[in-house]
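Just so it is clear, none of the values below were taken in a lab; they were calculated from the coordinates. In this text the structure is predicted, and so the values were computed from the model without any measurement. In this analysis, Cβ positions are derived from the backbone assuming ideal geometry, glycine residues included, and neighbour counts consider all displayed protein chains.
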Amino acid sequence: MKIISINAGSSSLKFSLFNMDNETVIASGLFERIGIEGSNYVIKYNGEKVSEEIELNNHTDAVKILLDKLITLEIISSLDEIDGVGHRLVHGKDKYSKSVIINDEVVNDLEEFKEFAPLHNPANILGIKAFKDVLPEVPMVGVFDTAFHQTMEKEAYLYPVPYKWYSEYGVRKYGFHGTSHRFITQSVREILGRDNFNLISCHIGNGGSITAVKDMKCVDTTMGFTPLAGIMMGTRSGEIDSSLIPYIMEKEGKNASEIIDDLNKNSGLVGLSEYSSDMRDILVKCDEGDEKAIAAKNKYVRRIVDYIAQYYVLLGGADVIVFTAGVGENSIPIRREVCEKLAPLGVKIDLDQNSKRGEVTKISTEDSAIAVYVIPTDEELMIARDTLNLINR
Ligand code: AMP
């Protein structure tokens, strides 16, 4: 069985083609600058890489060329080999708690929910429509970023604001990165061989969120109404006091959406360091003794530790902490600093194990009170698994 996982952005389309018999990637790639001058694609397969600058007027063009290339590069011999298409969908509000077969209702809902994800939902619809145009007979599945977090109880997802904001306008915590946190949760189930455990899943990349999981279900997560909430990120502030918004509006003569833009794009690591949003650059500057980079890195670690501690109490203790995504999978010093600060919870890090990268690794010592793992996340595979499961039903 072959499944394509798709992540459609407003001018991009990322794909992975899986052979689901052994869950391996046959080909993957990216179509960029769709509808913009200089559009191009890169396809990787079998250790090879093919790229080309080519006119892509819309997402349908990109899908046509993708499928054409899969055949001409002999990655597949016929389109009939594609059994299903899984789409990463960002916002399913409180309606979608699971992945679904995509039908007109799902597309209408994505359209209706677009004010909750104005950049992502319309782009997701473009991806769906493009595949519907080119592969009308192939079933499609939607996998929502928000779905895994739908098990949160009211006291977790409500904000302490006028209730009408929730009941009439949908203001609540939705949470994001759900597909990654679910992949991590399922990986931990495989490692432990059971599904009753308390897990703190730390997805720390350019964006980042931490999720508390009890017996396979999300009980709380750090991202909120939007992905701006929670831990400090590469360019996003995470949690702040909202009263600073009108104060800075006045100081800088900006409107509210310009300030939100600053909080999304010019804050976090890049904001505090005034240098870079990339943790690798920050760590180099820290080694050089740069004070702003050190302050940025310390705040970043502090926020992660704060939320882990909060979720440890919420869960009534933790069996496993997982680090994943760009920083979580790769940054040895950040993992070490976080774990060392968790010593009051009985966490003990194994420095040799922590120096490994790129594979599932237990980085805590045998006598650590909480097992700490690095697990590379794989949202594309999770999407392909859901797609296979739903089309097989
Ligand atoms: P992601 O959003 O999951 O792709 O993560 C991207 C981020 O991971 C980058 O912005 C980097 O900050 C971080 N990253 C990747 N590799 C490393 C590394 N070796 N050390 C520290 N940070 C890394």
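So which residues in the stretch 127-146 are surrounded by fewer than 24 Cβ atoms within 10 Å (Cβ to Cβ) and either out of contact with any strand residue (DSSP E or B) (no Cβ under 8 Å at 6 or more places or on another chain) or assigned to a helix (DSSP H, G or I) (or both)? Scanning the stretch 127-146 gives I128, K129, A130, K132, D133, V134, P136, E137.
For the stretch 147-200, a tally of residues being part of a loop (DSSP other than H, G, I, E, B), small (G, A, S) and loosely packed, with under 14 Cβ neighbours inside 10 Å returns 1. In the condition set (1) among the hydroxyl-bearing types (S, T, Y); (2) within 16 Å of the ligand (Cβ to nearest atom); (3) touching a residue at least 24 places away in the same chain (Cβ under 8 Å), Y275 is compliant with all but (3).
Every condition in (1) more than 19 Å from N206 (Cβ to Cβ); (2) away from the ligand (no atom under 16 Å from the Cβ); (3) not in a strand (DSSP E or B) is met by Y373 except one, and the failing one is (3). Would you mind stating whether V327 is part of a helix (DSSP H, G or I), touching an Asp or Glu at 6+ places or on another chain (Cβ under 6 Å) and within 16 Å of the ligand (Cβ to nearest atom)? For V327, the condition - part of a helix (DSSP H, G or I), touching an Asp or Glu at 6+ places or on another chain (Cβ under 6 Å) and within 16 Å of the ligand (Cβ to nearest atom) - is not met. Within the stretch 350-369, residues that are in contact (Cβ under 8 Å) with a residue 40 or more places away in the chain and more than 15 Å from V327 (Cβ to Cβ) reach partners that are part of a loop (DSSP other than H, G, I, E, B) and within 16 Å of the ligand (Cβ to nearest atom) with beta carbons closer than 9 Å, at six or more positions or on different chains, in the pairs V360/I375; V360/P376. Filtering A325, A318, A343 for residues that are of a type in the set (A, V, I, L, M, F, W, C) and more than 25 Å from I282 (Cα to Cα) leaves a single hit, A318. Among the residues making up the stretch 340-367, a single one is polar (S, T, N, Q), more than 16 Å from the ligand (Cβ to nearest atom) and crowded, with 18+ Cβ neighbours inside 10 Å: S364.
Among D145, D215, D195, which is the only one that is within 30 Å of D278 (Cα to Cα) and free of Cβ contacts under 8 Å to residues at least 60 places away in the same chain? Quick ask: steps written out before the conclusion?
Working: D215 fails: within 30 Å of D278 (Cα to Cα); D195 fails: within 30 Å of D278 (Cα to Cα).
Matching residue, one of D145, D215, D195: D145.
Of the conditions (1) free of Cβ contacts under 8 Å to residues at least 60 places away in the same chain; (2) buried (at least 20 other Cβ atoms within 10 Å of the Cβ); (3) of a type in the set (G, A, S), G289 satisfies every one except a single condition; which number is it? Single failed check for G289: (2). When I308 is tested against (1) more than 14 Å from the ligand (Cβ to nearest atom); (2) surrounded by fewer than 21 Cβ atoms within 10 Å (Cβ to Cβ); (3) not acidic (D, E), only condition (2) is not met.
Residues being basic (K, R) and either touching a residue at least 24 places away in the same chain (Cβ under 8 Å) or within 16 Å of the ligand (Cβ to nearest atom) (or both): count how many of those fall in the stretch 244-272. Can you show your working first?
Filtering the stretch 244-272 down to residues basic (K, R) leaves 251, 254, 265.
From what is left, the residues that are either touching a residue at least 24 places away in the same chain (Cβ under 8 Å) or within 16 Å of the ligand (Cβ to nearest atom) (or both) are 265.
Of the residues in the stretch 244-272, 1 are basic (K, R) and either touching a residue at least 24 places away in the same chain (Cβ under 8 Å) or within 16 Å of the ligand (Cβ to nearest atom) (or both).
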